[in-house]
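Each remark here refers to the structure printed beneath this line.
The values are calculated or read from the model by the stated rules, or taken from the named source; none is laboratory data. None of the values given here were measured: they were computed from a predicted structure. Cβ atoms come from the backbone with ideal geometry, glycine included; neighbour counts cover every protein chain shown. Surface areas here come from the heavy atoms of the whole protein model, side chains and all, with no ligands, DNA or RNA. Shrake-Rupley method; radii C 1.70, N 1.55, O 1.52, S 1.80 Å.
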Amino acid sequence: MIGFWKAEAWRILILVIAALVLGAVISDYKTALLLGALSYLAWHVYCLTRLARWSSERDTSAIPEGVGIWGIVYDRLRGLTKKHQNDMDKLQQELERYRQATMILPDGAVTLGANDEIELINENATALLGLKDPQDMGSTITNLIRDPDFLKYLAERDFSQPLELPSPVNHSFHLSITVVPYGDAYKKLLLVRDVTRLHKLEEIRRDFVANVSHEMKSPLTVIKGYVESMLDDTGEFGLKWKKALSQVDQQTDRMCRIVEDLLELSNLETGPNTNPSVVDVPSLIRSIYGEALELSNQKHDMHVDLDNTLFLRGHFNQLYSAFSNLVINAVKYTPAGGTITIRWFVRDSDARFSVSDTGPGIQPEHIPRLTERFYRVDTARSRDLGGTGLGLAIVKHVLLRHDARLFIESEIDKGSQFSCTFPSRHVVIKDALPSSA
């Protein structure tokens, strides 16, 4: 680079010498030097004009030739422009391969920019979402799909779970939408799958369970009534069949509990989500705590820590069912002499209900499946304790109705903690009520 500047310095020196010679000839050195400077300046203005003209044309072949320092500038620009063009060609090829791969996906695919503007749509997405290619390219997707659940899903930016909603094209079709963030500019890949068949199968399953549970309730009630009558018989028949009838009565009770839990689950899944009210959660927990004390019969060391100003906007009966299931489970599965702690508090603006125990703990491989229907870690023990295998499934569905989440932490031989976290938008802070617990 220094050599180039030396060459340019020699050119300036030659120009100065020529100006001095001209000055000697015309006997006016100042005018000659001024003419030389103006000539040098005119040359640079000319080269800059050529560069400006080329920059407006953006044509690699139109880069001018030059001498001196301008020759170096033009050569460097020519090299950079060719490199940039090669990079753009490679990027275009990659984009074309990406576009072709997206087009053959069995699911709908929509690529969104940083502001949720549509950058790419495949054919399946146009059919499922009713988008149009190329008319909708560059449009913000929230201006085209106005479903409230979809708008909320994108706004909250929590894409850990897919979103299910009716198709904007035909409401009889059901779609599952998964959003995958990628890149450094908050871009997103939106994948759309038609789950209509699965949705219908799920509806059939729910209807079947609800109908069977409802049909079983009446005969079980009749059976239990007759069994209780026979158990009350003090005659020879009652004494002879007392043991067998007691077992029938126990199993009938268990079947009735299962039916009741199935009906509650069915109502949570299919029943309307009525308008919530402000629930006095501290009072609700104190009631559950009193029931737990009776069930424990002083076999456990039980503690309760409540924020009496912390209320929730939700459904009393559902919350009572969920919290009660967690507390009663802790009492049933914690050995005598163990400690159970119930807490209701605020953490990071969210409300949290937690039940901790010093029970036997749960092995890690079981934790992800605990909220499945009828899933038990220890089947025999669960049945002996009167469990139906549906309690945590009910908890999960209640929390879903309240936009809440269940967190389970456990360590073998040290105990477990079940925590329900409710988002801040459901939290209501009120004046503390007098405690009676």
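Checking Asp136 against (1) part of a loop (DSSP other than H, G, I, E, B); (2) open to solvent by 40 Å² or more (accessible area, probe 1.4 Å), only one condition comes out false. Which one? Status for Asp136: all satisfied but (2). The residues of region 199-228 that are in contact (Cβ under 8 Å) with a residue 12 or more places away in the chain and either touching a Phe, Trp or Tyr at 6+ places or on another chain (Cβ under 6 Å) or under 26 Å from Leu129 (Cα atoms) (or both) amount to a single one, His199.
Out of the residues in region 86-125 that are in a helix (DSSP H, G or I) and at pLDDT 75 or above, which is nearest to Leu189 (Cα to Cα)? Among those that are in a helix (DSSP H, G or I) and at pLDDT 75 or above, it is Ala125.
Restricting attention to region 277-294 and to residues that are touching a residue at least 60 places away in the same chain (Cβ under 8 Å) and not in a helix (DSSP H, G or I), the residue that is least open to solvent (accessible area, probe 1.4 Å) turns out to be Asp280.
Taken together, Arg206, Arg257, Arg193 contain a single residue that is assigned to a helix (DSSP H, G or I) and under 31 Å from the mean Cα position of the chain (by Cα), which is Arg206.
Would you mind stating whether Met302 is touching a helix residue (DSSP H, G or I) at 6+ places or on another chain (Cβ under 7 Å) and under 17 Å from Asp357 (Cβ atoms)? Judged against the criteria, Met302 is a match. Residues in region 181-200 that are under 19 Å from Glu123 (Cα atoms) and open to solvent by 60 Å² or more (accessible area, probe 1.4 Å): Arg193, Asp194.
Candidates are the residues of region 316-359 that are modelled with pLDDT under 90, within 24 Å of Pro423 (Cα to Cα) and not polar (S, T, N, Q); the one that is surrounded by the most Cβ atoms within 10 Å (Cβ to Cβ) is Arg347. The set of residues in region 295-315 being among the polar types (S, T, N, Q) and either open to solvent by less than 50 Å² (accessible area, probe 1.4 Å) or closer than 18 Å to Val278 by Cβ (or both) consists of Ser296, Asn308, Thr309. Taken over region 153-173, the residue count meeting the criterion of being in contact with a Leu (Cβ under 9 Å, 6 or more places away or on another chain) and open to solvent by 40 Å² or more (accessible area, probe 1.4 Å) is 6. Could you tell me which residue of region 360-396 is modelled with the lowest pLDDT, considering only residues that are hydrophobic (A, V, I, L, M, F, W, C) and buried (at least 18 other Cβ atoms within 10 Å of the Cβ)? For region 360-396, the residue satisfying everything is Leu390.
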